[in-house]
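Asker: Structure provided below as structure tokens; questions to follow.
The values are calculated or read from the model by the stated rules, or taken from the named source; none is laboratory data. Bear in mind that the values here come from a model prediction, so they are computed numbers and not experimental data. Cβ placement follows ideal geometry from the backbone for every residue including glycine, while neighbour counts extend to all protein chains displayed.
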Amino acid sequence: MLPRQEKREREMRTIKAAACAALLAGAAAPALAQSEVGDMLDRFAADYMEDPTFTRDWLFGVEIGGEMWTLSLDRDTASYEIRRGTPPEPVFYFTGTPEIFERIGHGEITALTAMGRAFENDPVPFDIQLMDGAGFDPAILSFAFHFWTRGFPEILNYRELDTREIHGANGALIYYQPGFRSGFGHVAPGQHANEDPESRSNPFPTMFIVTEGRLIARIGGEDTEMEGGQLVIIPAGVDHEFLNPFGEPAYFFLFMFGEGA
């Protein structure tokens, strides 16, 4: 049997732990209501009406938390319509969780970063899908940047944006269009980017720029130490990995270009 004082102290710790858990549960952020989803979509669509890249009509869907919305953007009238429900014809649609949609809406993470994946079957919190019968238009990728980035000029405070672990490093995607991809991020101590042999080369050139810190660039099997202020251009088809055995993160920008990028 426990002494009375020790037993009482244990009971009090249990009560305090239960009260703390209840307080935390009560303070949890409520799920994003569909009315809030509609309001956020309205803000994105209204902003896009002023975007210089708005040069054509768009019809697409946005599925958040399992509920579909239809957005129709008319270039001639510089107007838009948002309604609940499935688009009337086969088109592409964005799909994501309420949590990631809210973070995109607050400017904490870019939509393209939320879509970033190393391999086609990797799960992502935000994605582009095609309805049955819809074809993929490569212009969707640049549209995704401009629609989900508010303001003009479209300035990103990239040091404040969240990254996701992609290809073994902490990466964020900036902009995609046919023949050009860009991103930024950091290789944390102990991380090994492109460790998987299937992700070590691209069929197009890659430029890797180290802006701060140090890392080991393994290009074509040869190890070279790189530091802030240096860059390397990696030809198409050449294996490349980046390792950080040092004590501080190494920050980088990444640009891929050419046919197939």
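Asker: Among the numbered criteria (1) farther than 16 Å from Ala169 by Cα; (2) over 25 Å from the mean Cα position of the chain (by Cα); (3) not hydroxyl-bearing (Ser, Thr, Tyr), which one does Pro205 miss?
Answerer: With (1) farther than 16 Å from Ala169 by Cα; (2) over 25 Å from the mean Cα position of the chain (by Cα); (3) not hydroxyl-bearing (Ser, Thr, Tyr) applied to Pro205, the lone miss is (2).
Asker: Conditions first: (1) assigned to a loop (DSSP other than H, G, I, E, B); (2) modelled with pLDDT of 95 or more. Arg117 passes all but one, so which condition is the exception?
Answerer: All conditions pass for Arg117, except number (2).
Asker: Given the residues Asp122, Asp132, Asp127, which is the only one that is in a loop (DSSP other than H, G, I, E, B) and at pLDDT 95 or above?
Answerer: Numbers: Asp122 fails: at pLDDT 95 or above; Asp127 fails: in a loop (DSSP other than H, G, I, E, B).
None of the other options fit; the residue is Asp132.
Asker: Ok, one more. Considering only residues of the stretch 171-202 that are among the small types (Gly, Ala, Ser) and more than 11 Å from Glu241 (Cβ to Cβ), which is nearest to the chain's Cα centre (by Cα)?
Answerer: Here is the first cut: in the stretch 171-202, the ones among the small types (Gly, Ala, Ser) are 171-172, 179, 182-183, 185, 188, 190, 193, 199, 201.
Still in the list and also more than 11 Å from Glu241 (Cβ to Cβ): 171-172, 179, 182-183, 185, 188, 190.
Details: Gly171: 8, Ala172: 6, Gly179: 20, Ser182: 12, Gly183: 10, Gly185: 12, Ala188: 18, Gly190: 23 Å.
Among residues in the stretch 171-202 that are among the small types (Gly, Ala, Ser) and more than 11 Å from Glu241 (Cβ to Cβ), the one nearest to the chain's Cα centre (by Cα) is Ala172.
Asker: Moving on. Among the residues of the stretch 135-145, are any part of a strand (DSSP E or B), closer than 23 Å to Tyr48 by Cα, of a type outside the set (Ser, Thr, Tyr) and not assigned by TED's automatic domain parsing to the domain that holds Ile233?
Answerer: no
Asker: Here's a check for you: in the stretch 84-108, which residue that is assigned to a loop (DSSP other than H, G, I, E, B) and buried (at least 19 other Cβ atoms within 10 Å of the Cβ) is nearest to the chain's Cα centre (by Cα)?
Answerer: Filtering first and then ranking leaves Val91.
Asker: Further question on the same structure: Go through the stretch 173-217 and give me each residue that's without any contact (Cβ under 8 Å) to a residue 40 or more places away in the chain and buried (at least 19 other Cβ atoms within 10 Å of the Cβ).
Answerer: Answer for the stretch 173-217, where residues must be without any contact (Cβ under 8 Å) to a residue 40 or more places away in the chain and buried (at least 19 other Cβ atoms within 10 Å of the Cβ): Gly213, Leu215, Ala217.
Asker: Inside the stretch 204-261, counting only strands (runs of 3 or more DSSP E) that do not spill past its ends, which hold 1 or more residues that are over 23 Å from Tyr158 (Cβ atoms)?
Answerer: Values: elements: 206-212, 214-219, 222-227, 230-234, 240-243, 250-257.
Qualifying strands (runs of 3 or more DSSP E): 214-219, 222-227, 240-243.
Asker: Would you mind stating whether Asp51 is in contact with a strand residue (DSSP E or B) (Cβ under 8 Å, 6 or more places away or on another chain), among the charged types (D, E, K, R) and within 20 Å of Arg150 (Cβ to Cβ)?
Answerer: Values: in contact with a strand residue (DSSP E or B) (Cβ under 8 Å, 6 or more places away or on another chain): no; among the charged types (D, E, K, R): yes; within 20 Å of Arg150 (Cβ to Cβ): yes.
The answer is no for Asp51.
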